[in-house]
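Working notes for the structure below.
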Amino acid sequence: MEPALAVASLWLLFGALHVGLATRRVRAALVARLGKVGFTALFTVVAAACFTLLVRYYAAHRLEGTAGLALGGVAAVRWPLMTLIVAGFVLATASLVSYPATPMALFTETVRPPRGLERVTRHPFFMGVALASLAHVPLAPRLAGAVFHLGLASLAIAGAWHQDRKLVALRGRPYEDYLAQTSAVPFGAILAGRQRLVPRELPYVTLAVTLLLALALRTVHGSIFAHEGAWVIGVVLGGAAAAALGSWRVARRARGRAAPTLVSRRQALAFAGATLLAYVGIVHEAVGSTLYPYGPAAFGGPLGWHAAGLSLVAAGVLIGAGTLGLLRLPVAPMAALLSLVGGAFVAAQALGHGDFHFFAFTMLVAGLLVALSARGARERTTG
């Protein structure tokens with residue numbers, strides 16, 4: 001199959017599931033069945049799996065198929081487009097720092113006045129991704145690359161539009177006022193006179209750091225999708241998890257620093273632990289089998305990565321479902337086992353038997369989080 005057509009098909013699958021699950025009717029039905037945290041866990045796992053499949057295919061076939069426009073050799077076109085790419089990357093990456101405090105953030109239930117980058121665009125992440133991706137399209141040497149970046153830009157633009165509609169339905173008049181004061185298109189509200197730029201609110205340090213990061217990535221541009229996209233997958237999934245955790249912390253502080261209810265804390269711990277486990281499993285599947293194709297001999301060679309990856313993803317889903325009461329599972333023993341396995345690896349490495357294993361440490365943390373969640377559930381039951 002022509003790689004460009006396959007990439008387009010995978011984008012359609014990702015978009016249909018990603019946007020489809022978030023539509024009001026489908027989301028309401030799933031939330032009624034699974035609860036808010038259960039829906040978030042399902043949405044996260046489905047999105048991560050589809051994104052991993054898409055990136056791995058594109059990374060493996062990005063240099064194949066029909067030629068693209070490849071206008072990188074035309075200086076009059078290349079430099080303006082590269083400037084747009086850097087600007088989009090800086091805007092999108094810098095927005096992640098302030099995202100937890102925005103009205104769009106997970107766990108946020110209030111709408112505050114726009115500030116900082118939101119005065120430029122209320123969707124700095126989406127618009128930054130769209131800007132950088134659209135600028136990549138005429139530069140792509142292969143049609144598959146042009147389709148990949150066009151799909152990413154389309155998803156970002158559609159995501160911004162869909163998010164606005166969803167939040168108007170959820171927040172009502174406060175978010176309608178927020179829309180009236182801002183624009184999705186960068187600088188649109190400022191040029192229209194509905195908004196003004198406040199220089200003191202801009203995150204200059206963050207912008208400078210992300211600019212340096214963009215320049216550093218340019219030096220390794222040809223290797224970004226190396227190892228079948230392992231680094232892209234790891235960074236995107238890890239960044240999404242970090243943004244979700246930051247949003248929860250900000251939402252907790254916004255409630256007046258009062259201790260959340262036991263159910264809220266327990267669900268947050270369960271979600272964090274289950275997500276970490278699924279993340280470790282996906283990275284083992286996507287990264288481990290690519291970087292080390294022969295696999296761990298002690299666990300069946302190449303099949304070891306698939307066994308570890310799929311088992312951890314399944315454990316994350318099952319533990320999350322068990323803690324939320326969707327399934328009757330012995331969550332506490334499962335959490336203890338995970339903590340024991342992760343702790344054993346960490347202890348062995350501390351004693352000099354091998355290098356530090358980040359994912360073993362992550363397993364240990366995930367197991368402890370789930371154990372605390374299970375303990376909270378028992379206290380609530382006996383109390």
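The values are calculated or read from the model by the stated rules, or taken from the named source; none is laboratory data. Owing to the predicted nature of the structure, the values given are computational and were not obtained by experimental measurement. Here the Cβ positions follow ideal geometry from the backbone for every residue, glycine too, while neighbour counts run over all protein chains shown. Note: accessible area is taken over every heavy atom of the protein model, side chains too, but ligands, DNA and RNA are not part of it. Shrake-Rupley method; radii C 1.70, N 1.55, O 1.52, S 1.80 Å.
Within the set 95, 133, the sole residue that is at pLDDT below 95, among the polar types (S, T, N, Q) and surrounded by 18 or more Cβ atoms within 10 Å (Cβ to Cβ) turns out to be 95.
Which of the residues belonging to the stretch 106-155 are more than 17 Å from the chain's Cα centre (by Cα), among the hydrophobic types (A, V, I, L, M, F, W, C) and under 30 Å from residue 171 (Cα atoms)? If the condition is that a residue be more than 17 Å from the chain's Cα centre (by Cα), among the hydrophobic types (A, V, I, L, M, F, W, C) and under 30 Å from residue 171 (Cα atoms), then 111, 117, 120, 131 are the ones that fit. Hey, can you tell me all the residues within the stretch 210-230 that are β-branched (Val, Ile, Thr) and without any contact (Cβ under 8 Å) to a residue 40 or more places away in the chain? Those that are β-branched (Val, Ile, Thr) and without any contact (Cβ under 8 Å) to a residue 40 or more places away in the chain: 219, 220, 224. Consider residue 117 carefully, then state whether it is in contact with a Ser or Thr (Cβ under 7 Å, 6 or more places away or on another chain), closer than 26 Å to residue 18 by Cα, at pLDDT 95 or above and open to solvent by less than 40 Å² (accessible area, probe 1.4 Å). So residue 117 passes the test.
Every residue, every condition in (1) at pLDDT 75 or above; (2) touching a strand residue (DSSP E or B) at 6+ places or on another chain (Cβ under 6 Å); (3) assigned to a helix (DSSP H, G or I); (4) farther than 30 Å from residue 49 by Cβ, yes or no:
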{"site": "175", "(1), (2), (3), (4)": "yes, no, yes, yes"}
{"site": "191", "(1), (2), (3), (4)": "yes, no, yes, yes"}
{"site": "234", "(1), (2), (3), (4)": "yes, no, yes, no"}
{"site": "249", "(1), (2), (3), (4)": "no, no, yes, no"}
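Quick one: in the stretch 48-92, which of the residues that are free of Cβ contacts under 8 Å to residues at least 24 places away in the same chain and assigned to a helix (DSSP H, G or I) is surrounded by the fewest Cβ atoms within 10 Å (Cβ to Cβ)? Filtering first and then ranking leaves 76.
Evaluated against (1) over 18 Å from residue 217 (Cα atoms); (2) crowded, with 20+ Cβ neighbours inside 10 Å, residue 112 falls short on exactly one condition, (2).
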